[in-house]
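Written out below as structure tokens is the structure these notes cover.
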Amino acid sequence: MDIEPSTDLSTQSGPASYAPESADRMPPSPREHLASPVTRAALRVQNTLLAAAREYLAEQGFVEMLPPVIGPVTDPGARGAKQVDVDYYGHRYKLMTSSILYKQAALTAFGRIFYVAPNVRLEPPETAGTGRHLAEFHQLDVEIADGDRADAMRTAEGVVTFAVARVVRDRSEELALLGRDPDAFAPLLDGPFGLITHTEAVATLAGLDHGQNPDAEIDWPGEKLLSEKADRPFFVTDYPKGSRGFYDKEDPRRPGVLNNFDLILPEGFGEVSSGSEREAEYRRIVARIRETGENPAKYEWYLELLRAGIPGSAGFGIGVERLTRYVSGLDHVWQAVAFPKLPGVVAP
Ligand code: AMP
Ligand code: MG
């Protein structure tokens, strides 16, 4: 999950910043927004990204499944964001903040699956001006049975590269309208993506006079510094235990280190994906849930499945709107959404 401190908005905005109180940060009326050539171009770019991602994943043997929208529990790790309750015949259900538990479960049907899944997270209202936060967004959610972290990273790099190449090939008119120079993607298309460990990221940030907590996910000002220096997407691996969800697998040879990653976009756009090798062993998951202070009983259906056995796996989720924003070169992620829901902003 994102852990992004959200108090200092002056350091939080994206590449072309929106001042927190600026009227620019608010989407216009739906009619005006949908009639805007910028919105239409961004949605066409998004359409091409999604079509290309589906084509790429299908060729790799992935089955697209339809994601559940509500359930008795959802991903517990939406730190800072609130979950939304739904009354389900007298039972308190949740809107999905992430499909992670269902992705693991779905591997009992097929070995390679993906969703284009809607997520609802009531992020703190002050994140409305960051350029990166929505209260409702989508993830391209991929899971690989018997895969390891390297498989997940290879697949994430492959699908992003293929989709961006397709936009450059097919959407030159839209990119021109958006003022996005396709040459900006040359390093990404040349590959490979960059790679640093969390420890290296912390050290680099120390050299830039940015004190990053070594026990936490990279904070947004730090992530922005790293992202602005990069000319192509890069992975950050090996986050410390405690900074991520209970399903990220701890490296058996390096206690306290998780076999996981984030994918960070260049030019200051920041995180677009988080992924990991998954923990799938019943006892370890129960222990990890307890470590996070949660009651395992809440996860009954999931734990029952684990007890019967599910494949080990690796996977990731790519923020569809954040990827669209980057490829379109937009100031704000809401510009990549037909009916944007900004944190704290009442909108249709
Ligand atoms: P997470 O599980 O928090 O790592 O989320 C997975 C991906 O979803 C992130 O890498 C982002 O691309 C995207 N994402 C997470 N939270 C938001 C949000 N509030 N608004 C837009 N995209 C988000
Ligand atoms: Mg994340």
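The values are calculated or read from the model by the stated rules, or taken from the named source; none is laboratory data. What you are looking at is a predicted structure, and each value in this text was computed from that prediction instead of being measured. Methodologically, a virtual Cβ is constructed for each residue, glycine included, from the backbone with ideal geometry; neighbour enumeration extends over all protein chains shown. Please note that ligands, DNA and RNA were not included when accessible areas were found on the heavy atoms of the full protein model with its side chains. Shrake-Rupley method; radii C 1.70, N 1.55, O 1.52, S 1.80 Å.
Would you point out the residue of the stretch 246-257, among those that are open to solvent by less than 10 Å² (accessible area, probe 1.4 Å) and of a type outside the set (Phe, Trp, Tyr), that is farthest from the chain's Cα centre (by Cα)? That would be 251.
I'd like the residue in the stretch 273-287 that is open to solvent by less than 10 Å² (accessible area, probe 1.4 Å) and within 16 Å of ligand 2 (Cβ to nearest atom) and, out of all such residues, is farthest from residue 230 (Cα to Cα). Result: 276.
For the stretch 288-301, a residue qualifies if it is assigned to a helix (DSSP H, G or I) and surrounded by fewer than 19 Cβ atoms within 10 Å (Cβ to Cβ), and the qualifying residues are 290, 291, 296, 297, 298, 300, 301. Would you mind stating whether residue 308 is surrounded by fewer than 19 Cβ atoms within 10 Å (Cβ to Cβ) and either over 30 Å from residue 109 (Cα atoms) or not hydroxyl-bearing (Ser, Thr, Tyr) (or both)? Yes: the conditions hold for residue 308. Here residue 337 clears all of (1) among the β-branched types (Val, Ile, Thr); (2) within 10 Å of ligand 1 (Cβ to nearest atom); (3) surrounded by fewer than 24 Cβ atoms within 10 Å (Cβ to Cβ) except the condition numbered (3).
Checking the stretch 300-309 against the condition returns a match, with at least one residue being farther than 28 Å from residue 51 by Cβ, in contact with a strand residue (DSSP E or B) (Cβ under 9 Å, 6 or more places away or on another chain) and touching a residue at least 40 places away in the same chain (Cβ under 8 Å).
The residues of the stretch 109-163 that are outside any strand (DSSP E or B) and hydroxyl-bearing (Ser, Thr, Tyr), listed by number, are 127, 130, 155, 161. Pairing residues of the stretch 217-245 that are within 19 Å of residue 193 (Cβ to Cβ) and assigned to a loop (DSSP other than H, G, I, E, B) with residues that are among the hydroxyl-bearing types (Ser, Thr, Tyr) and open to solvent by 20 Å² or more (accessible area, probe 1.4 Å), at Cβ distances under 8 Å and at least 6 apart in sequence or on separate chains, gives 238/197; 238/199. For residue 102, the criteria (1) surrounded by 14 or more Cβ atoms within 10 Å (Cβ to Cβ); (2) under 30 Å from residue 267 (Cα atoms) hold in every case but one, which is (2). On the given criteria, is residue 177 away from ligand 1 (no atom under 15 Å from the Cβ) and either over 26 Å from residue 220 (Cα atoms) or not in a helix (DSSP H, G or I) (or both)? Here the answer is yes, as residue 177 does meet what is asked. Looking only at residues in the stretch 109-128 that are of a type in the set (Gly, Ala, Ser) and over 13 Å from residue 340 (Cα atoms), the one that is least open to solvent (accessible area, probe 1.4 Å) is 117. Specify the residue that is farthest from ligand 2 (Cβ to nearest atom); the eligible residues are those in the stretch 31-89 that are in a strand (DSSP E or B) and not aliphatic (A, V, I, L, M). It comes out as 87. None of 183, 209 is charged (D, E, K, R) and outside any helix (DSSP H, G or I) except 209.
Okay, residues lined up against (1) in contact with a helix residue (DSSP H, G or I) (Cβ under 6 Å, 6 or more places away or on another chain); (2) of a type in the set (Phe, Trp, Tyr):
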| position | (1), (2) |
| --- | --- |
| 99 | no, no |
| 104 | no, no |
| 111 | no, no |
| 115 | no, yes |
| 127 | no, no |
| 135 | no, no |
| 138 | yes, no |
